[in-house]
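Novice: What follows is a structure written as C-alpha cells; I'll ask about it next.
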Number of protein chains: 2
Amino acid sequence: MKTCTVRFDPGGVEVRVAQGETVLAAAQAAGIYVNSICGGDGLCGKCRVILREGEVSSRPTALLERDEIRQGYILACESRVLGNLHLEVPPESRLAQQPALAQEIALRFGRVVPFRPEGRPYAFDPFTRKLFLPLPPPSLDDAVGDLERVYRGITSHVAVPAMQTGLFNLRRLAGMLRDSGWRLTATLGQRGKTMEVVQLEAGDTSARNFGVALDVGTTTVVANLVDLASGEVASRKGTYNSQIRYGEDVITRIVYAGSEPAAAERLRACVVRDTNDLVSAMVQESGIALGDVTGIVAAGNTTMIHLLLGLEVANIRREPYIPAATAVPVVRAAEVGVAISGRGLFCCLPGAGPYVGSDITADVISSGMNQSAELSLLFDLGTNGEVVLGTADWLVCCSASAGPAFEGGGLKCGTRAADGAIERVAVTPYGTLTYKVIGSGKPGGICGSGLIDLTAELFRVGTLDKAGRFRRDGGVPGLRDGEDGPEFVVVPAERTATGRDITVNEDDLAIFIRSKGAIYTAADTMLSHLGFSFADVQRVYLSGGFGTSVDIGNAVVIGLLPDLPRERFQFIGNGSLAGARMCLISREALAEAEAAAARMTYLELSTDSRFMRDFTSSLFLPHTDIERFPTVLRSLGKSAP
Amino acid sequence: MKTCTVRFDPGGVEVRVAQGETVLAAAQAAGIYVNSICGGDGLCGKCRVILREGEVSSRPTALLERDEIRQGYILACESRVLGNLHLEVPPESRLAQQPALAQEIALRFGRVVPFRPEGRPYAFDPFTRKLFLPLPPPSLDDAVGDLERVYRGITSHVAVPAMQTGLFNLRRLAGMLRDSGWRLTATLGQRGKTMEVVQLEAGDTSARNFGVALDVGTTTVVANLVDLASGEVASRKGTYNSQIRYGEDVITRIVYAGSEPAAAERLRACVVRDTNDLVSAMVQESGIALGDVTGIVAAGNTTMIHLLLGLEVANIRREPYIPAATAVPVVRAAEVGVAISGRGLFCCLPGAGPYVGSDITADVISSGMNQSAELSLLFDLGTNGEVVLGTADWLVCCSASAGPAFEGGGLKCGTRAADGAIERVAVTPYGTLTYKVIGSGKPGGICGSGLIDLTAELFRVGTLDKAGRFRRDGGVPGLRDGEDGPEFVVVPAERTATGRDITVNEDDLAIFIRSKGAIYTAADTMLSHLGFSFADVQRVYLSGGFGTSVDIGNAVVIGLLPDLPRERFQFIGNGSLAGARMCLISREALAEAEAAAARMTYLELSTDSRFMRDFTSSLFLPHTDIERFPTVLRSLGKSAP
C-alpha cells in the first residue's frame, strides 16, 4: 500500500499515512487538532483546512463557499489523501490555547455569588486526610503489634467503623516506626464504607497533603489543586479534552470508541494524559511533589468518566441506555493511570443515569438544592443540557439533548467560549450593534451567550420575527442575501480574525431555537409530571461555562429560561468542579453527593410523549404560548408596535 | 576468588561455591536439606555429613565421636570448603520424604474425637462464596447501571452492609453481562467489615468454588483443599517447611532473616514455594483449575505468618517482643505470591501475641473452648509450646518456651514424628523394652511421644530416679557408660537405620525435663494468676502433631500434663489446620476467631517471677511436690518398694 507524507502548518508536523486515508484521520494520527463537531460525518463543516500543495479527492460539499474553495479550503473529513500534502490549519479550525475556564469567566463578570460558600455548611474533613501520630513506644506492659498501635492511634482521633490497609504499608511499618522514633503520619482515605490507611510516612508530614478536584468535561478538563490541610485552592488549571480530535460530543466519542479495537484505549489515553498534564502543572506551580497529592475527586458526564476509567461506553448509546456503573467504586489513582502518590485514591462522584452524570450530582451539591425546602430548578448548559428539579426530599433529572449549539456547534460562525468569541451582543438605543470579545484579539466567531444576546436583541428590535425569520422591514441594518438565504452580518470581514464575515442565517437560528426549546421543554415537562408549573419554582441555578456569562433577561426573551423574577436566578459557575472540590474537602459532602445521586430519579425524555408534543410549541421566540412570558410580552408591547 | 565444586549424594546435586564457604551454606545453595537445629552455630550437632572426597577445614567439636570422625563425619556448619568436595548426607541428617501429618497420625491412632465436628455449630457460609445471578435484562423501565444491577442481584441473596469491587471487574462487566445473556457468577469475599466482589464469571460457575485451609508451621506446611460448594475436603497435602534448611526453630529463623539483606526474602520465597507446591498438587489431584480456588485461610505462629507475608520479624525476638501485626488484614493471594484465582483472597487468622499466633487462635476455635461455660485448658505442643486457659467469657494465653525437645531437637537421638521415628515405647511385664516405629522401616531416632513413654516407663520401673538420673540398681537392662556419662540404649546399632545405637543420656533427659517442666509450669502459673488450680479445669485439649500421639497416662507420670481424670482430656488433632478450615467454610467462625483473638490476653512468662520460681520445682519426675500427682504417687507406691 502506498503511503504519503502529510505536513501540517503551523508547526510543520509531518505524518505518513496510507493513500486514501482522510485528511482528518491524518491530522488525528499527527496529534493535530482540527475542529470536528460531527466526528467526521461531513455534516458540521468545521474541519476546514487549506490545501497548500498536493492532491486530494474531495466530495462535493455545500459547507464551503465557492470563494473559499478557490482559496484552497477543503473539509478534512471529506477529503482523501492522494499524494504528499502540505496543509494549513486556519485559526478558526484550531483549538484555542487555553479554554476560558468557567470560573475565570465568572470572576470577569463578577456575578457568581456562591449560594453556599464551600467548606462552611459541610464540616472540613477531607476525602484523604493526614493524621500525625506520635505513638508511645511499646513496652512489656503495652506490647500490642505495630499495626494495632497505629490503628489505636488513629481511632483515638477519628471514629472509624472499619479500617483496612495493604501489605505494601505493612511491610514497611516496623522499620518506619522505629526509624522515626514512633512518630509517623497516616493518610486515611474514604473507600466506600471503610477507611483505608492509604499510606504511612515517617515523621510529621500532615502539613503536606494535597488533593485534586477534577471536572472531566466533553470539551474541557479543569482541575483544582487543593491544600487539604487548609481547604484552600493552591492552583487551578484547565485544558481542552484532547479526545476532541476524535469528535466533539459524547455520541461521536462513543461511536469512535466502537469503531476499531484500539479506539477506546486511545480515548482513555487522551484524557488520562490531559489529567496528568494538569496535575503535574499544578504540582510544579505550587512547588510540591506528586507524592504530596493523596486523592482525587472527579466529576464528569457518564461517558467521560467511563472513557477515563476504561469502561465500555457502547451501551450508553443503545436503548435502554445502560452505563457500566452509575456509581463507580473508589480505586487507586494508579489503576486509572493518573500519577499522584503511589497509593493515592481516585473517587468518581456518582451519577444518576446514562445522560445525567456525576457532573450534575456535583452541581446539585454545589448549589445546595439537595438540602433546601424550596422547589429548585438547575440548568447545566454545556455540550449537552441537563436539568434537575427538586427539594431536600426528592430530585428528578433529565437530559435535554439540546445539542452543541450553546457551544457553537452546528452553526456556521458558532464557536466555543474561548479567546476570540463574541460573548455579548447589544443593540444600542441609537440602533448600533455592539459586541464584546473574549480576550484582546479580533473576533473569530460567536459563542452561546453571544447568540442568546444576538437573537434576543434582533427579536426585540424587530429584525427577527417570533418564528426566527428575518424581517426586511425593521430593526438594525446588516441583513443581506447569502448563499443559503437571508443572513445577518454580525461583524464584517475586515474586523474579524479570520478575514471572513461573521454571519448568522435562518438555518443557524433554527438550530439554536431547537436547542433552547429542548431545554425549556425539558424543565417544563418535569414540572408538569410532578404537578408543578414554573411559578412554583423558588430558585433557578445556572451551571456550566455557558451558565456564568449568559444574560438572564435575554435568555428569558428567547424563551430559554422561564420568565421568573430575576432574584430567583443564581449562577453557580462550574458547579461540577465546585461540587467535586466540596467532596474532596468534606466527607460529609461526599456522603451527601452519594445520597443525592441515589435519590435522583432519571426521566428519559426521548420516549416521553408529553415532551415531544410540547417541544414543538417551544420552537418560537419566546414560545407559541407567549402568555408564559408576561414580562417579554409587556416589553414587546412597549418597544414594538 | 577461587570457587570449588561441591557434590552432594544421594542425588548427585552439584553446586559451585567460593573457597572458604561452609559446607552448610553450600548445601543451602544447592537446595539440599541438612538437619540444622541451631541454624549453623555449631551447637546442635545435627548437621552431620560424610566427607567422601576432598578437603575441608573443620573446627574441633565434641559433638562427633572419635569413631565417627574416623568414618569421615563432619559437621556441615563447622567445616569450610577448601577444594572440590564429594559429600554424602546420611539418612539421619536428611529430611524424611513426607512429614507424618497430625491428621494421619490421628487416624492411625483412632483417638481424635472432634469435640465440635466442623460445619455443624457454625453456619455454612464460606469466606469466599460464589453466587449465581440470573439477572433480568435492562429495559427503559429498569435502566440501572450494570454494576448496580449486579449489586442488586447480590443484595437480594445476601445482606451486605458495604460492598466494593475493583476496576478489573468493572472493565469487563458490560461485555460479560451481555455475552452471557445476563447470567453470571459473582465471587464474594469477606474483607474486614466489607464484602468484596472478588471476581465475576460468565454463566453459572457456582459449583466450582474451592478454598485452601493452610497451616504454616515452623516444621511443616499442611493444607486442605476444600470444596466450598459442599464444605467437603477434596484433598490434603503436607510438606516440610523448606525454611528448615536455614534453622529449625522460630528463633534461628529470625536470626537468619536478619543475617544479610537477602535472607528474609529467601525465607519468604521458601514458604511461598512450599505453599504453591501444595496448592498445585491438591488442585491437580482434584482435577480442578487454580482459577477455581478463590480464597485461602491460613493459620500459623506469628513468625511464620510474618515470614510468609514478608513482614519484619526482628522485633518479635527483641524485648518487648512486638510483631508488625497481630491481626493481618485480608490481602490478595497474588500479593502474597500464592497462585490461585487472579483476584483470590488470602486471610491470615489473627493471633494474640508475639509467641501466640493464629495457629493457637485456630486451636481455640477448633476446640470450641471459646464458647464453653466450662473452664478449659489447651496445650499446643509443637516446636514451641503454647497454653490457653479460659471460658466463653475470657481467655488467657502464654508461650511456654519449651524448646524443640518434643520435636526431637537438642537431643542426640531425638527426631521428628516422621518415618523411622520411635513414637511409642513400653516395658512389658516381663521387663522387656518394646517400641513402635512410624512407617515400615528401621528406627532412626526417637520422637517426642516416644521420649515421654521412654521416660515414664524407665521412671516407673526404677531405671530413672525422680531427678532424671539413671539408677544402676533397678529396672530394665540397657544401661551403659557412654562418652558423656551413663546412657540407656533404646535400640542397638544392628537394628537401626543409621547403623548407630539409639541412646538417651542424662543430658538428653535434662533437656527433656526442662521442656515438660516449662509447659506444666506455664499452665500452672496462668491458673494461679487467675485464682484457679488444675482441679478447677473441666476440659484439657491437646493439639498439634505431637498432641495426637502422646500417651496421656505417661505424660502425667512425667509431670507434663496435670493429674486429672482421663475423661477430661481431649485430642483435637491439628487444631491449627482444623480451625483455619472452619473459618474457610464459615464466616461466622471467622468472626468468632477474630473475637477470640481480640479477647485473648497474652501473658509474658519470661518476666514473670512466679513462673521462674515454680519452674525450678517442676524439674523433677513428676514434680518436687508429688502430692500434685496423686495417681502417680499411688501407682509408684504399688510398683516400687
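The values are calculated or read from the model by the stated rules, or taken from the named source; none is laboratory data. In this text the structure is predicted, and so the values were computed from the model without any measurement. Reconstructed Cβ throughout: ideal geometry from the backbone, glycine too, with neighbour counts over all protein chains shown.
Here is a yes/no grid of residues against (1) under 28 Å from B:Ser606 (Cβ atoms); (2) part of a strand (DSSP E or B); (3) at pLDDT 95 or above:
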| site | (1), (2), (3) |
| --- | --- |
| B:Leu542 | yes, yes, no |
| B:Thr548 | no, no, no |
| B:Asn554 | no, no, no |
| B:Gly559 | yes, no, yes |
| B:Pro562 | yes, no, yes |
| B:Phe571 | no, yes, no |
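One line per residue, one yes/no per condition, for (1) without any contact (Cβ under 8 Å) to a residue 24 or more places away in the chain; (2) within 14 Å of chain A (Cβ to nearest Cβ); (3) out of contact with any Ser or Thr (no Cβ under 6 Å at 6 or more places or on another chain):
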| position | (1), (2), (3) |
| --- | --- |
| B:Ala522 | no, no, yes |
| B:Met526 | no, no, yes |
| B:Val540 | no, no, yes |
| B:Gln570 | no, no, yes |
| B:Leu577 | no, no, yes |
| B:Leu590 | no, no, yes |
| B:Arg610 | no, no, no |
| B:Arg613 | yes, no, yes |
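Novice: Of the residues that make up region A:43-64, is at least one at pLDDT below 75 and β-branched (Val, Ile, Thr)?
Specialist: Scanning region A:43-64, I find no residue that is at pLDDT below 75 and β-branched (Val, Ile, Thr), so the answer is no.
Novice: Can I ask one more? So if I check each of B:Arg273, B:Arg318, B:Arg268, which one is within 14 Å of chain A (Cβ to nearest Cβ) and in contact (Cβ under 8 Å) with a residue 24 or more places away in the chain?
Specialist: None of the other options fit; the residue is B:Arg268.
Novice: Which one of these is within 14 Å of another protein chain (Cβ to nearest Cβ), of a type in the set (A, V, I, L, M, F, W, C) and over 21 Å from B:Leu267 (Cα atoms): B:Cys397, B:Cys347?
Specialist: On inspection, the qualifying residue turns out to be B:Cys397.
Novice: So, one more: How many residues are facing chain B (nearest Cβ under 7 Å), in contact (Cβ under 8 Å) with a residue 24 or more places away in the chain and crowded, with 17+ Cβ neighbours inside 10 Å when one looks only at region A:136-162?
Specialist: Total meeting the criteria: 2.
Novice: Taking B:Phe611 and the conditions (1) under 30 Å from B:Ser576 (Cβ atoms); (2) outside any helix (DSSP H, G or I), which numbered condition does it fall short on, given that it satisfies the others?
Specialist: (2)
Novice: So which residues in region A:167-200 are within 33 Å of the chain's Cα centre (by Cα) and at positive phi?
Specialist: Listed by number, the list holds a single entry, A:Gly192.
Novice: Do we find that A:Ala186 is among the hydrophobic types (A, V, I, L, M, F, W, C), buried (at least 18 other Cβ atoms within 10 Å of the Cβ) and within 12 Å of chain B (Cβ to nearest Cβ) in this structure?
Specialist: No, not satisfied.
Novice: Considering (1) farther than 30 Å from B:Gly192 by Cα; (2) more than 14 Å from chain A (Cβ to nearest Cβ); (3) of a type in the set (S, T, N, Q), say which one B:Ser606 fails and leave the rest.
Specialist: Only one criterion in (1) farther than 30 Å from B:Gly192 by Cα; (2) more than 14 Å from chain A (Cβ to nearest Cβ); (3) of a type in the set (S, T, N, Q) is unmet by B:Ser606, namely (2).
Novice: Could you say whether any residue in region B:587-607 is over 17 Å from B:Gly385 (Cα atoms), assigned to a strand (DSSP E or B) and not hydroxyl-bearing (Ser, Thr, Tyr)?
Specialist: Checking region B:587-607: not a single residue is over 17 Å from B:Gly385 (Cα atoms), assigned to a strand (DSSP E or B) and not hydroxyl-bearing (Ser, Thr, Tyr).
Novice: Now for a different question. Could you say which residue among B:Leu590, B:Leu577 is touching a strand residue (DSSP E or B) at 6+ places or on another chain (Cβ under 6 Å) and over 17 Å from B:Ala456 (Cα atoms)?
Specialist: Answer to the selection: B:Leu577.
Novice: While we're here: Which one of these is touching a residue at least 12 places away in the same chain (Cβ under 8 Å), within 14 Å of chain B (Cβ to nearest Cβ) and in contact with a Leu (Cβ under 6 Å, 6 or more places away or on another chain): A:Val427, A:Val331, A:Val356?
Specialist: A:Val331
Novice: Moving on to the next point. All but one of (1) touching a Leu at 6+ places or on another chain (Cβ under 6 Å); (2) more than 20 Å from B:Gly342 (Cβ to Cβ); (3) without any contact (Cβ under 8 Å) to a residue 40 or more places away in the chain hold for B:Trp182; which doesn't?
Specialist: Result: B:Trp182 fails condition (3) only.
Novice: Just checking, which of A:Gly211, A:Gly203 is small (Gly, Ala, Ser) and within 31 Å of the chain's Cα centre (by Cα)?
Specialist: A:Gly211
Novice: Can you confirm whether A:Arg178 is within 14 Å of chain B (Cβ to nearest Cβ), of a type in the set (D, E, K, R) and closer than 22 Å to B:Gly258 by Cα?
Specialist: Yes.
Novice: If you scan region B:1-37, which residues turn out to be in a loop (DSSP other than H, G, I, E, B), under 16 Å from B:Arg245 (Cα atoms) and either hydroxyl-bearing (Ser, Thr, Tyr) or in contact with an Asp or Glu (Cβ under 9 Å, 6 or more places away or on another chain) (or both)?
Specialist: B:Tyr33, B:Asn35, B:Ser36, B:Ile37
Novice: Within region A:192-219, which residues are crowded, with 21+ Cβ neighbours inside 10 Å and more than 24 Å from A:Ser280 (Cα to Cα)?
Specialist: Hits for region A:192-219 are A:Met195, A:Glu196, A:Val197.
Novice: Okay, moving on. Does B:Arg149 satisfy the criteria of being basic (Lys, Arg), over 37 Å from the mean Cα position of the chain (by Cα), modelled with pLDDT of 95 or more and on the phi < 0 side of the Ramachandran plot?
Specialist: Considered against the rule, which asks whether it is basic (Lys, Arg), over 37 Å from the mean Cα position of the chain (by Cα), modelled with pLDDT of 95 or more and on the phi < 0 side of the Ramachandran plot, B:Arg149 comes out as yes.
Novice: Residue under question is B:Gly211, and the condition is that it be within 8 Å of another protein chain (Cβ to nearest Cβ), of a type outside the set (S, T, N, Q) and either within 18 Å of B:Phe346 (Cα to Cα) or free of Cβ contacts under 8 Å to residues at least 24 places away in the same chain (or both); does it hold?
Specialist: Against the criterion (within 8 Å of another protein chain (Cβ to nearest Cβ), of a type outside the set (S, T, N, Q) and either within 18 Å of B:Phe346 (Cα to Cα) or free of Cβ contacts under 8 Å to residues at least 24 places away in the same chain (or both)), B:Gly211 does not qualify.
Novice: Related question: Could you say which residue among A:Phe115, A:Phe132 is crowded, with 16+ Cβ neighbours inside 10 Å, of a type outside the set (Val, Ile, Thr) and modelled with pLDDT of 65 or more?
Specialist: A:Phe132
Novice: Looking at B:Glu374, B:Glu335, B:Glu386, B:Glu285, can you tell me which residue is among the acidic types (Asp, Glu) and part of a loop (DSSP other than H, G, I, E, B)?
Specialist: B:Glu374
Novice: Here is a follow-up. Return yes when B:Pro443 is crowded, with 23+ Cβ neighbours inside 10 Å and assigned to a loop (DSSP other than H, G, I, E, B) and no when it is not.
Specialist: Considered against the rule, which asks whether it is crowded, with 23+ Cβ neighbours inside 10 Å and assigned to a loop (DSSP other than H, G, I, E, B), B:Pro443 comes out as yes.
Novice: With touching a helix residue (DSSP H, G or I) at 6+ places or on another chain (Cβ under 8 Å), crowded, with 23+ Cβ neighbours inside 10 Å and not polar (S, T, N, Q) as the only criterion, which of A:Ala325, A:Ala333, A:Ala339 stands out?
Specialist: A:Ala325
Novice: Let me ask you something else. For region B:361-371, does any single residue satisfy the condition of being assigned to a helix (DSSP H, G or I), within 14 Å of chain A (Cβ to nearest Cβ), closer than 13 Å to B:Gly579 by Cβ and under 20 Å from the mean Cα position of the chain (by Cα)?
Specialist: Yes.
Novice: Residue by residue through region A:334-344, note down the ones that are at the interface with chain B (Cβ under 8 Å from one of its Cβ atoms) and more than 20 Å from A:Val226 (Cβ to Cβ).
Specialist: A:Glu335
Novice: For region B:297-315, enumerate the residues that are within 14 Å of another protein chain (Cβ to nearest Cβ), under 22 Å from B:Ala362 (Cα atoms) and either in contact with a strand residue (DSSP E or B) (Cβ under 6 Å, 6 or more places away or on another chain) or in a helix (DSSP H, G or I) (or both).
Specialist: B:Ala298, B:Thr302, B:Thr303, B:Ile305, B:His306, B:Leu307, B:Leu308, B:Leu309 - these are the residues of region B:297-315 that are within 14 Å of another protein chain (Cβ to nearest Cβ), under 22 Å from B:Ala362 (Cα atoms) and either in contact with a strand residue (DSSP E or B) (Cβ under 6 Å, 6 or more places away or on another chain) or in a helix (DSSP H, G or I) (or both).
Novice: Right, something else. If you take the residues in region B:475-501 that are in contact (Cβ under 8 Å) with a residue 24 or more places away in the chain and assigned to a strand (DSSP E or B), which one is nearest to B:Pro91 (Cα to Cα)?
Specialist: B:Val491
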